[in-house]
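All remarks here apply to the structure that follows.
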Amino acid sequence: MGVFAASDVVEVAIRIEENGSDFYKYAERISRKKEAKKLFAQLAQAEVAHKKIFEKIFVKMEKNSPFETYEGEYSAYLRSYVDNNIVFTKEAMDKEFAKVKNTIAALDFAIQRELDSILYYHEIKKLVPAAQHKTLEQIIEEERKHFFSLTEMKKSMA
């Protein structure tokens, strides 16, 4: 048995997608090229769609029920962990957004964060029961789609 249940990982994925959507909206605002604005708007919408996919997955899953001192404590912990320690964190967004001043920088930032997401999900698979790996593979496939979209856009702009 693993340290985390796949439901925990999916809950984290939901938060990652929320933070990713925030980034793409920011990238859309700073971009000066019409086609780039369109791409970032589409990616923000895709993040929202991914979040909905993960929420549907989450609803169908057996939930981890750890001991809590108060109701919602564990969920609050996971949200805080995502916001402060992993992909598309609030802290990274605050610090890194200032460095992202053009479309290419936004693409580079997003490409790296999508790769980070893919790596995170691959690594977390080691911590969940094998019976729940299929759910994680669904998440990884969604992140790969974003990575490919971003890299294709960067190639077309070069």
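Worth pointing out:
- Inter-label distance, nm, simple model (7 Å from Cα along the C-beta direction), Arg144/Ile30: 3.0 nm
- Protection proxy ranking for 28-37, 133-142, using the average of other Cβ atoms within 10 Å per residue and placing the highest first: 133-142, 28-37.
- From phi via Karplus (6.51, -1.76, 1.60), per-residue ³J(HN,Hα) for region 41-52 in Hz, x at Gly/Pro: 5, 5, 5, 4, 5, 5, 4, 4, 5, 4, 4, 5
Every number here is computed from the coordinates shown, using simple stated rules; none is lab data. Keep in mind that this is a model prediction, so the values were computed, not measured. Don't worry about glycine lacking a Cβ; one is built from the backbone with ideal geometry, like all the others, and counts go over all protein chains shown.
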